[in-house]
Structure formats: C-alpha cells, structure tokens
Amino acid sequence: MFGADAAFLLPKGNMYFAGTLTDPRGGIAGADMDGSLAFGAGFGNPIDAVGVQVDVNITGTDPLGDSGGLGLKLGRALVLQPNHVIFGSVAASNLAPWGDAAAGDTRWNVTVSGMTQIDGPTLIHPVMWTVGYGSDAVLVTPGSSTTEEGFFAGVGIGVTKYLGVAVSGTENQLNAGIGLKVPGVEGLNVSFGVNDITDNMERKQKILSVSYSINNVFGG
C-alpha cells in the first residue's frame, strides 16, 4: 500500500530488508535526494492471538547508520472469510531513536485493513484497502513540514501477476504508486510512487523502494 500504513504484519519467522530513495529530501523543492534503510521481522500469531512486527529504520545514510529508530506493530485478524479478511493494528515508530531522529517525537497510528479479490476473465485481482488514524498523518500548512493527528486511507489492486497500483491520501494530500514483483526472484519487489502528487501541500516527492523478504528464517 503506497503512501499509507496497513494493518497486515509479517508472518511469524519472516524477515524483510528494504532501501528507499526519495527526491527531493522532505519534499522540499530544490533539496538533495535522501536515502533510508529498514529491516524487520514478524513474531507471534495474529490469527489466534496477537502478531508482532519489529522494524529497525535507518534514516541516516551519510555516514551510514548515524540516525534512526525502532518501530513496533501489534495486530490481529478481525474477520476471516474465504474471499475477504480484515486485520486491525496499533503501531508506533521512532522508538528509542538515535542521532538526528532523537529530536523527533514517537509517532503512532491505529489502522484497519482488508483484503478481497475481483475475479477477472483470466486472472484473480487482489484488492487491498486501509483506513487509519495517526499522530502525524496530516500536513498542516502548504510549504511546512508541521503535521497533526488525522485520518488516512488507501486502496490498491493487483493488475497482473507481477504489477499492482495503489492510491492513498489524507484530507489534503494524494499519493499514487506502482509495485512490481520481480519475475524469477522470489521475495524481491520494487515500487515507485509520488507523494502529494498534485503538490497541494507543496511537498511533492518521488519515492523509489526496493525490498526483499525471506520466509521462515527462524520458524513459521
């Protein structure tokens, strides 16, 4: 789901590694590009109990690792039907920050997300939606990085076996992106999108991400 958090978690024993390049930094016109790294793992059982996802976010890349923080998400299945599942989660980020990230506050959100499908003539197209409320979800003033609590939402669809598209937004910002599952390389995904695509908040920003996930690293 590009530009919006989702309530789904990594399954127990799974891990991911990701790198992201943003242009311009912070969506400020004229600023340089910026990079970040992240990795995380899934624990627990979100079907019968509570699932847990722990993330490490490295926002400082020059020098590498000089800034960052931890993320924690707790989630559980709310509805489980053959063609429709709904999960709920609570999440916090910028926990135990270091470097420049220590100047920021802990961020949180509460999210409900669902997955269903559309049966096409030759393919089944998965559809995911998400709705949430978070502490830093909404930009306050055009041209400013100040944020406030608010709602966010998004929807995405798998167009082909390897390609998906998604849109998300808040009350004053629209984001859109595409995701590509790399053929022949299990677990490798690439996404590209634009935050504030209409530049309504003067924070238009291109984002390129590459992620790799591994299943059953320490037992599923």
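Determine the share of the chain's accessible area contributed by carbon and sulfur atoms, expressed in whole percent, with a 1.4 angstrom probe. Walk me through the numbers on the way to the answer.
Numbers: 7260 of 11700 Å².
The nonpolar share, carbon plus sulfur, comes to 62 percent.
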Post the alpha-carbon centroid distance, segment 1-70 to segment 105-179, in whole angstrom.
-> 16 Å
May I ask for the Kirkwood hydrodynamic radius of segment 56-142, worked out over all distinct Cα pairs and given in angstroms to one decimal?
-> 15.6 Å
Rounded accessible area per residue of segment 83-220, 1.4 Å, Å² = 55 Å²
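Give, rounded to the nearest 20 debye, the magnitude of the charge dipole that segment 58-124 has about its Cα centre when Lys and Arg contribute +1 at Cβ and Asp and Glu contribute -1 at Cβ. The partial results should precede the final answer.
Working: 3 positive and 5 negative charges, 71 e Å.
Dipole of segment 58-124, to the nearest 20 debye: 340 debye.
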Radius 15 Å from Cβ of ASP199, net charge of other residues (Lys, Arg +1; Asp, Glu -1) | 0
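Compute the signed sum of charges (Lys and Arg +1, Asp and Glu -1) over the other residues within less than 12 Å, Cβ to Cβ, of GLY99. Mind dumping the intermediate values first?
Numbers: positive: none; negative: ASP62, ASP66, ASP100.
Once positives and negatives cancel, what remains is -3.
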Once you have the alpha carbon radius of gyration of the chain, what is it after dividing by 2.2 N^0.38 Å, with N set to its residue count?
-> 1.01
Using a Gaussian network model of the chain whose springs link C-alpha atoms within less than 10 Å, name the residue from ASN172, ASN45, ASN83 with the highest mean-square fluctuation.
-> ASN83
Distance in nm between ILE157 and LEU21 label points, each 7 Å along Cα→Cβ, equals 3.1 nm
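Given Cα pairs under 8 Å that are at least 6 residues apart, what percent is the relative contact order of the chain? Mind dumping the intermediate values first?
Working: 639 pairs, mean separation 45.9, N = 220.
It rounds to 21 percent for the chain.
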Which whole-Hz ³J(HN,Hα) couplings does segment 13-30 yield from phi under the Karplus relation 6.51 cos²θ - 1.76 cosθ + 1.60, θ = phi - 60°, glycine and proline marked x?
-> x, 8, 9, 9, 9, 8, x, 10, 10, 10, 8, x, 4, x, x, 8, 3, x
Most fluctuating of VAL182, VAL165, VAL194 in the GNM of the chain (C-alpha, under 10 Å) is VAL182
Hey, in the GNM for the chain with a 10 angstrom Cα cutoff, which one of ILE28, ILE58, ILE178 fluctuates hardest?
-> ILE28
Using modelled amide H (1.01 Å from N, peptide plane; none on Pro or chain starts), what sits under 5 Å from the amide H of ASN175, excluding residues fewer than 5 places away?
-> SER168, GLY169, ASP196, ILE197
Pair VAL217, LYS181: separation of 7 Å Cα→Cβ label points (nm) | 2.1 nm
Between GLU202 and residues 5 or more places away or on another chain, which pairs have amide H atoms under 5 Å apart, with H built 1.01 Å from N, and which residues are they?
-> GLY143
Environment charge of PRO142, counting only residues whose C-beta is closer than 15 Å and scoring Lys/Arg +1, Asp/Glu -1 = -3
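The values are calculated or read from the model by the stated rules, or taken from the named source; none is laboratory data. All values reported here derive from a predicted model rather than from experimental measurement. Quick reminder, even Gly has a Cβ in these numbers, built from the backbone with ideal geometry, and neighbours come from all protein chains shown. Surface areas here come from the heavy atoms of the whole protein model, side chains and all, with no ligands, DNA or RNA. Shrake-Rupley method; radii C 1.70, N 1.55, O 1.52, S 1.80 Å.
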